[in-house]
Amino acid sequence: MEMHCNRCSRECVLFTGSHVELAKTRTSPEAIEVELVVLPLDSTKGIASVEGLREVLEQISIFNRHHGADYAIPVVILSACSNVTGACQDMPSVSTLVHTFRGIIAWDCAAIAAHRKVDMNPVTHPEGYIDFAFISPHKLLGGPGTSGILLCKKKRQTNSIPTICGGGTVEFVSSRGHYYISDLEEREEAGTPDILGCIRAGAVYHIHTLLGIESIAEEESRMASYLKEKLRGNSKIHILGPKDRAHCAGIISFNILYNENKTGHHHHGLYLHYNFVGCVLNDVFGIQARGGCACAGPYGETLLGLGGVNGERFE
C-alpha cells in the first residue's frame, strides 16, 4: 500500500471486504485522495479478515505518526452479514478496533437487519458504536416497496452542502446566490420523498418488533440447523460457506450435482442450474428460494473456487 502526503491534500483509505486488487481514485473537487483496500477473506469464517484489517490500520497509524498529523483517514465499509452464506462479522469488536485507530466504520446491514438487532451503541463495547449503518427493509416480512434507511451519528453530520443537490434542499435562491436548508435530513433528501415507502418501512418494522428479534433469531437458528443437517446427508448437495455456522444467520446456500463423479474422497461434476432448482422448490414444494449470486460476485467466485484462469473461463 502506497500513501502520499502534502499540505494541500488529505488521504482517505477506504476498506471493503472482497477479493480484488488495490484500486486508487482521486476526488479532485475536495482534494482528497482515496485509496481502496480490499481485505482478504478469512477462509475459516467466510468473512473479511479482521487480522488483515488490523495490519493495514497499523500501517496507516505508523504513516500518520511519521507525518505528525491524521493525513490518512481510515474509512471502513463492511458487510455485517453475507446474504449468500449468512456469515456475520462481530460488529462491536470490529467497530472498536477501527475507532482505536481513529477511523470511521460504516456497516452494510442490508442482510443482517432481518435476522438480528442492529445496535448502534452496544453496552458491552463503549467504543464499538456504529458511525453509519445502511438498512434495506425490503428484506423483512412485507418489506418490498419500502424505502432504504440510513442510520448515522450526529457527530458525523458535518457537511453543509447536500450530497445530491435538487428540489427541497435550498432555503432561498436569488440572482445573487443560494443557501441550503438547515435541517440535515431534509437537506439530504433531494426531490420528492418516497412517502409511501417510508410509511411501509414503519409498518414493516412495527410487525418485526411485535414478533421480537430474539424470537426471530432463535427460530431461524433452529430451522437453519435442521436444514443443514438434512442437506449434509446427501453427497450431491454442496453447502457453501463455513462449516462451523455458530456465527451465521439463518441463510444457507447450496448447489446440487446431477452427474456425480467420485475421485477418492472428492465429488466432481456439473451443478443443476439455480433457476431450475428455484422453480422446483417453488412450484413443486411451495418453498420460496432465491437463485444465483447477483450481489456478491467476487465472494461467489471464492466460494466456488473460480479464481484466476477458471474465473476468466467461466466469465
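Sort out which residues of region 292-315 are assigned to a loop (DSSP other than H, G, I, E, B), at pLDDT below 80 and surrounded by fewer than 13 Cβ atoms within 10 Å (Cβ to Cβ), and write them in order of number.
Ala294, Gly307, Gly308, Glu315
Which of the strands (runs of 3 or more DSSP E) contained wholly in region 133-190 include at least 2 residues that are more than 20 Å from the chain's Cα centre (by Cα)?
Strands (runs of 3 or more DSSP E) meeting the threshold: 170-174, 177-180.
Quick one: which residue in Ala133, Ala114 is surrounded by 19 or more Cβ atoms within 10 Å (Cβ to Cβ) and either in contact with a helix residue (DSSP H, G or I) (Cβ under 7 Å, 6 or more places away or on another chain) or at pLDDT below 95 (or both)?
Answer to the check: Ala114.
Going through Ala217, Ala224, Ala289 one at a time, which residue ends up being among the hydrophobic types (A, V, I, L, M, F, W, C), in a loop (DSSP other than H, G, I, E, B) and either under 24 Å from the mean Cα position of the chain (by Cα) or surrounded by 12 or more Cβ atoms within 10 Å (Cβ to Cβ) (or both)?
Answer to the selection: Ala289.
Can you tell which of Ile104, Ile135 is over 12 Å from Leu78 (Cα atoms) and of a type in the set (Val, Ile, Thr)?
Ile135
Looking at Ile256, Ile251, which one is surrounded by 13 or more Cβ atoms within 10 Å (Cβ to Cβ), in contact with a Leu (Cβ under 7 Å, 6 or more places away or on another chain) and either under 30 Å from Gly167 (Cβ atoms) or modelled with pLDDT of 90 or more (or both)?
Among Ile256, Ile251, only Ile256 is surrounded by 13 or more Cβ atoms within 10 Å (Cβ to Cβ), in contact with a Leu (Cβ under 7 Å, 6 or more places away or on another chain) and either under 30 Å from Gly167 (Cβ atoms) or modelled with pLDDT of 90 or more (or both).
Is it the case that some residue within region 231-242 is assigned to a helix (DSSP H, G or I), without any contact (Cβ under 8 Å) to a residue 60 or more places away in the chain and of a type outside the set (Lys, Arg)?
Yes, the conditions are met somewhere in region 231-242.
Does region 184-194 include one or more residues that are touching a helix residue (DSSP H, G or I) at 6+ places or on another chain (Cβ under 8 Å) and surrounded by 12 or more Cβ atoms within 10 Å (Cβ to Cβ)?
No - not one qualifying residue is present in region 184-194.
I'd like to know if region 31-39 contains one or more residues that are modelled with pLDDT under 90, surrounded by fewer than 18 Cβ atoms within 10 Å (Cβ to Cβ) and within 17 Å of Pro298 (Cβ to Cβ).
Among the residues of region 31-39, at least one is modelled with pLDDT under 90, surrounded by fewer than 18 Cβ atoms within 10 Å (Cβ to Cβ) and within 17 Å of Pro298 (Cβ to Cβ), which makes the answer yes.
The values are calculated or read from the model by the stated rules, or taken from the named source; none is laboratory data. Just so you know, these numbers come straight off a predicted model, no measurement behind them. FYI the Cβ positions are ideal-geometry reconstructions off the backbone, even for glycines, and counts take in every protein chain you see.
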